[in-house]
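Read the structure below first, then the notes.
Bear in mind that the values in this text are calculations on the coordinates, not laboratory data. In this text, all values refer to a predicted model and were calculated from it rather than measured experimentally. Positions of Cβ are backbone-derived with ideal geometry, glycine not excepted, and every protein chain shown enters the neighbour counts.
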Amino acid sequence: MTMLGILLIPFFLIALYSTIKFATSEESKGNRGKLVTLKSANYSIAVFPIGLLIIEIIHRFFQPVSLSTYRDFMVMTLIITFIIYGLSIMKLKRILKNPKEI
């Protein structure tokens with residue numbers, strides 16, 4: 001695993017904890033919780049396709065990418081996607097006091 005992957009692990013664990021805590025709470029079952037979940041998924045959904053596009057462009061136009069590099073990049077892209085999802089849940093819980101603010 002690369003150095004960047006090792007640096008991302010604490011953020012991943014924080015995002016995992018916040019996601020699990022939010023998903024198991026009563027707060028997530030109401031309209032506000034559904035709104036927070038949908039908006040945070042909306043923020044994080046584009047990260048993986050953009051990462052895939054970047055690695056494909058590098059592979060096709062600049063230099064060949066080995067399978068191990070491709071796998072490492074995809075794992076890091078998934079980790080970054082989940083970090084963005086978890087952190088946006090944490091942020092949106094604070095911002096959206098009521099669903100009419102959107």
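General remarks:
- Output for segment 12-33, where each listed residue is assigned to a helix (DSSP H, G or I) and over 17 Å from the mean Cα position of the chain (by Cα): GLU26, GLU27, SER28, LYS29, ASN31, ARG32, GLY33
- Scanning segment 1-47 for residues that are crowded, with 16+ Cβ neighbours inside 10 Å and either without any contact (Cβ under 8 Å) to a residue 12 or more places away in the chain or in contact with a Leu (Cβ under 7 Å, 6 or more places away or on another chain) (or both) yields ALA15, SER28, ARG32, GLY33, LEU35, VAL36, LYS39, SER40.
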